[in-house]
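Scroll down for the structure; my scribbles are underneath it.
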């Protein structure tokens, strides 16, 4: 049995951007592990990585497309009248910036339950920082505010088989030959498989580099209604609620 922090939260319109999307900012249906970890570290004021397990699940009302103002430029690109919409003057040198519109995909009415299992020495810090944040918390873009409806300390323990009542991420393990080794799939089944980012290091040049071991997680995105055969935990806050920690 493990202690966990259970975060029940809501976001109205939010984008959890897929790293490979540029022309249209596509979104994951739920926040990736790295996005949730970043929010927790920011809330606690951590400057170094603190390991923890996460369980991410939720339900939403689909997606919509919205326009936003897009700015783009080339490093050192000189300003050209008629080509650039904005001119930036820096010590006598003029640089050009493009200004236009683009599309962003937004998840609507995302109601989430996030379980956090940190190291015991970090438990109280994380709990208090999420319960009484020093500033507003966001998840996704900077403007995507996170409405924390309630936060609880719960116990989770393993079960052999459980039904999933919310959409959730389920990490793929190498020892399973197929999804069916772990998941009983109904008609709607598994919608897709994502390579989600999780943990990175900072290079000497100041760039993020995803770790080879655990930096990216191959993950099923499963719709509610599937049955987990192994690896699921029970949350004692709600009877027989499946939690998948990674």
Legend entry - Exclusive hit being within 18 Å of residue 11 (Cα to Cα) and without any contact (Cβ under 8 Å) to a residue 12 or more places away in the chain, set 132, 136: 136
Inset, instruction - Looking at (1) out of contact with any strand residue (DSSP E or B) (no Cβ under 7 Å at 6 or more places or on another chain); (2) at pLDDT below 85; (3) closer than 20 Å to residue 60 by Cα, find the lone condition where residue 204 falls short. - result: (3)
Inset, instruction - Output the strands (runs of 3 or more DSSP E) that fall wholly within segment 1-85 and possess 3 or more residues being in contact with a helix residue (DSSP H, G or I) (Cβ under 8 Å, 6 or more places away or on another chain) and within 30 Å of residue 154 (Cα to Cα), or say none. - result: 2-14, 52-59
Legend entry - Filtered residue count, segment 142-169, keeping only those that are surrounded by fewer than 15 Cβ atoms within 10 Å (Cβ to Cβ), touching a strand residue (DSSP E or B) at 6+ places or on another chain (Cβ under 9 Å) and assigned to a loop (DSSP other than H, G, I, E, B): 2
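The values are calculated or read from the model by the stated rules, or taken from the named source; none is laboratory data. Remember, predicted model here, so these are calculated numbers, not experimental data. Counting neighbours? That spans all protein chains shown, and the Cβs are built from the backbone with ideal geometry, glycine included.
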